[in-house]
Amino acid sequence: MDRLIVERKLDSLRHCLERIASKRPASVAALERDADLQDVLTLNLSRAVQICVDIGAHVLVEQAQRPPNTMGETFDGLAQAGVIDAALALRMKKAVGFRNVAVHAYERIDWQIVYMIATRDQDDFRHFAAAVAQWLDRA
């Protein structure tokens, strides 16, 4: 595994999280009224999920795990390999569900969910990054 690739992806993840934090709306109503803010949050949340999946694929290859069939299975594999815990794997799989809606059915996005992810659930991405960084230190 190329450690530098994973480290760069972790940096990209941090950048997405910083953008989300810098644009975090005061309320769901504020988010619903601001199409530009919707775009910034949705794009960066979607990117954050994709980056986590990409990182997970690199880690699984290094662990000689079978390649996942779906994005969500990436997190199951990471939990089985002991890189992340099962609870975080479940939350990350839910994030994949959000990403799929954001990418494939933009008109059906529930802005309440986006607001919750941007204000509360963003820590899941930070926990994921910390777990991967710890794994890198052990590898």
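With respect to residue 24, determine if the residue is over 22 Å from residue 5 (Cβ atoms) and part of a loop (DSSP other than H, G, I, E, B).
yes
If I ask for residues that are open to solvent by less than 80 Å² (accessible area, probe 1.4 Å), under 17 Å from the mean Cα position of the chain (by Cα) and either of a type in the set (A, V, I, L, M) or modelled with pLDDT of 95 or more (or both), which ones from region 23-43 would you list?
Matches in region 23-43: 40, 41.
Could you tell me which of the residues 76, 85 is modelled with pLDDT of 90 or more, surrounded by 16 or more Cβ atoms within 10 Å (Cβ to Cβ) and among the acidic types (Asp, Glu)?
Exactly one of 76, 85 is modelled with pLDDT of 90 or more, surrounded by 16 or more Cβ atoms within 10 Å (Cβ to Cβ) and among the acidic types (Asp, Glu), namely 76.
Conditions first: (1) assigned to a helix (DSSP H, G or I); (2) open to solvent by 60 Å² or more (accessible area, probe 1.4 Å). Residue 16 passes all but one, so which condition is the exception?
Of everything listed in (1) assigned to a helix (DSSP H, G or I); (2) open to solvent by 60 Å² or more (accessible area, probe 1.4 Å), residue 16 misses just condition (2).
Exactly one condition in (1) under 14 Å from residue 111 (Cβ atoms); (2) surrounded by 13 or more Cβ atoms within 10 Å (Cβ to Cβ) is false for residue 47; which is it?
Looking at each condition in turn, residue 47 falls short on (1).
Restricting attention to region 102-126, report how many residues are in contact (Cβ under 8 Å) with a residue 40 or more places away in the chain and surrounded by 12 or more Cβ atoms within 10 Å (Cβ to Cβ).
12
The values are calculated or read from the model by the stated rules, or taken from the named source; none is laboratory data. Everything quoted here is computed from the prediction, not taken from an experiment. As a convention, Cβ positions derive from the backbone with ideal geometry for all residues, glycine included, and neighbour counts pool all protein chains shown. The accessibility values were calculated without ligands, DNA or RNA, using every heavy atom of the protein model including side chains. Shrake-Rupley method; radii C 1.70, N 1.55, O 1.52, S 1.80 Å.
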